[in-house]
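Engineer: So that we are looking at the same thing, I have put the structure below in structure tokens.
The numbers here are math on the coordinates, done by the rules we state, and not lab data. These numbers were taken from a predicted model, which means no experiment stands behind them. We place every Cβ from the backbone using ideal geometry, glycine too, and count neighbours over all the protein chains shown.
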Ligand code: ATP
């Protein structure tokens, strides 16, 4: 079935999944609210991510940091100077565009020389067709505000454009309290804000959105080499589905996280064939990044990014070390002990090799020497692998993937369309709907209500006693409820219920006592 974003967004509005923000005042571009069912969906996504990334592992801990932080953080991270998109205006119709997107839509590429941009020959306004466009100019995407009552320059602060920086800024506190050794990670989910020039594609590009980010800290390859003698690369065919190994270098760790994240999207219900990996080319990579891959999903409006997974070297922690004057080095006892056993000759040879390697890549020899001296004492600034996902983008991908309009033919040959959201049961906003067959029979209603109050202790449940039972099933199909449990006259006799399954529309009869185990098994990720 060809999926259509308009039909999907209209269902989301009609069934309380997503509303335009501030709609009674005409809405506000780039902001969306999640209604009664959307808020459940988002909570389920966040929880499932947390389970997979934190709870099921022993090498990741969590953080919940503030949205407004010291403005120096954004100087250190590079956002204050460089978190900008090129913007152009049409002088005729006054429409504003992100220059790279405007070019892309016309099959062209924006010309970039250093920090300046130029539109390629023949670029036109996609709204009115005019060639009368301004030169592209940089526009910083961070939302600015003031902390305290005085609105002067010293009080300027920013709403965070990503959650990741707080993890770097809190790195030493976390390292000294979490009792973890490198390699280990810190996960955080929460709101981020970007004053996007052109919010579009429904919630895909919003100005306020949520991210789920992991910073996974690893040893620099030189430390791995000292400890293990040789650094494993992808050419060594490491087992990426097994336990991580001590000899893994950054390249293997990066690939490991790509595989982990793909496995998670599969658990979340996105079919493998709709997920694509886009490896950034050398030209596209940030200067400090060694590799970056985007996990993309085939949305109805095109294949677009869900998550970026970057190998960022020690760039972030080193920047904060430089700007804050606080050391971001860790003490790695395993490394220190290995180095304490090394001969001076072996150390000299190792140092010479690292200095030659660094200088061949245009780096400073003195810095390389200091780095190696620190390694011999078991100290280094950790490198990082960053899987950074968008909660709202995933919610949209899951809704698009789940949406279906099925043509049904009843016993009398009458055709009908069933709208259904085939969510993975673990992520469905409502897990179980309890339906008393009729509402005017107090005994039956009481029995059903008791079942409802029992089940809702564990799962989000719905109660629906109005309308014909078939219509009630359809109402639940539309919001993706995997199980409808009907309490009928037989229930009063033998304590069994009908469980009607969303996807197959099959109905099975189960004893009430077996119901919780049945549901639990089906909704576990
Ligand atoms: P883009 O190139 O699409 O602007 P980006 O590459 O700058 O995005 P990142 O900085 O890598 O995005 O952010 C990590 C993730 O955060 C993205 O993969 C996406 O899921 C989410 N994200 C980023 N910007 C937005 C936005 N404006 N609205 C919704 N989600 C976003």
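Engineer: From largest to smallest, what semi-axes in whole angstrom does segment 306-409 give when each is the square root of 5 times an eigenvalue of its alpha carbon gyration tensor?
Structural biologist: 46, 16, 14
Engineer: Output the direction-averaged projected area (hull surface divided by four) of the convex hull of the alpha-carbon atoms of segment 119-237, in nm².
Structural biologist: Seen from a random direction, the Cα hull of segment 119-237 projects 15.0 nm² on average.
Engineer: Here's something else I'd like to know. Mean 1/r over all different Cα pairs, inverted: what Kirkwood radius does segment 383-525 give, in Å?
Structural biologist: Radius from the Kirkwood sum: 16.4 Å.
Engineer: When the C-alpha atoms of segment 189-312 are aligned to their principal axes, what extent does each axis show, in angstrom, from largest down?
Structural biologist: Over segment 189-312, Cα extents along the principal axes are 51, 31, 29 Å.
Engineer: So, one more: Along each of the three principal axes of the Cα atoms of segment 391-442, give the extent in whole Å, ordering the values from largest to smallest.
Structural biologist: For segment 391-442, the Cα spread along each principal axis is 43, 36, 13 Å.
Engineer: Volume per residue, Å³, of the convex hull around the alpha-carbon atoms of segment 34-111?
Structural biologist: Each residue corresponds to 252 Å³ of Cα convex hull volume.
Engineer: One-quarter of the Cα convex hull surface for segment 294-341, in nm²? Could you put the intermediate results ahead of the total?
Structural biologist: Numbers: hull surface 24.0 nm².
So the Cα hull casts an average projection of 6.0 nm².
Engineer: Here's something else I'd like to know. What's the FRET efficiency of residue 281 with residue 105 using the Cβ-Cβ distance as r and R₀ = 30 Å, to the nearest 0.05? If you can, show how the numbers build up before the last one.
Structural biologist: Numbers: r = 21 Å, r/R0 = 0.70.
According to the calculation, E is roughly 0.90.
Engineer: A further question on this structure: Suppose we keep just the DSSP beta bridges with both residues in the chain; what percent of those would be antiparallel, to 5?
Structural biologist: 85
Engineer: What's the ranking of 2-10, 236-244 by average number of surrounding C-beta atoms within 10 Å, highest first?
Structural biologist: 2-10, 236-244
Engineer: Would you kindly calculate the translational diffusion coefficient of segment 459-525, applying Stokes-Einstein with the Kirkwood radius from alpha carbon pairs, for 20 °C and a viscosity of 1.002 mPa s, and quote it in µm² s⁻¹ without decimals?
Structural biologist: It diffuses with D of about 170 µm²/s by this estimate.
Engineer: Viscosity 0.692 mPa s, temperature 37 °C: give me the Stokes-Einstein translational D for the chain in µm²/s, with Rh taken as the Kirkwood radius over C-alpha pairs. Please list the in-between numbers first.
Structural biologist: Details: Rh = 26.5 Å.
Once the numbers are plugged in, D ends up at 124 µm²/s.
Engineer: Okay, next question. Based on C-alpha coordinates, I'd like the Rg and Dmax of segment 268-362, in Å.
Structural biologist: 20.3, 62
Engineer: Note down the relative contact order for the chain as a percent, whole number, built from C-alpha pairs under 8 angstrom at least six residues apart.
Structural biologist: Answer for the chain is 13 percent.
Engineer: Can you check how the C-alpha radius of gyration of segment 31-174 compares to 2.2 N^0.38 Å, as a plain ratio?
Structural biologist: 1.41
Engineer: Same structure, new question: Sort the following peptides by mean Cβ neighbour count (other Cβ atoms within 10 Å, averaged over residues), highest first: 128-134, 276-282.
Structural biologist: Details: 128-134: 13.0, 276-282: 11.4.
The peptides rank, most packed first, as 128-134, 276-282.
Engineer: Follow-up question, since we're still on this one. Once fully extended, how much extra length lies between residue 181 and residue 458, figured as 0.36 nm per residue of separation less the alpha-carbon to alpha-carbon distance? Walk me through the numbers on the way to the answer.
Structural biologist: Numbers: separation 277, 0.36 × 277 = 99.72 nm, distance 3.57 nm.
Contour length minus the Cα-Cα distance gives 96.1 nm.
Engineer: Report, largest value first, the span of the C-alpha coordinates of segment 206-271 along each principal axis, in whole Å.
Structural biologist: Result, largest extent first: 46, 27, 17 Å.
Engineer: Assign one of three labels to segment 334-464, namely rounded, prolate or oblate, based on the Cα gyration tensor with a ≥ b ≥ c the square roots of its eigenvalues; rounded applies when a/c is under 1.5, prolate when it is not and a/b is larger than b/c, and oblate otherwise.
Structural biologist: In terms of gyration-tensor shape, prolate.
Engineer: Rank these for me by crowding, 283, 488, going from fewest to most other beta carbons within 10 Å.
Structural biologist: Going from sparsest to densest Cβ surroundings: 283, 488.
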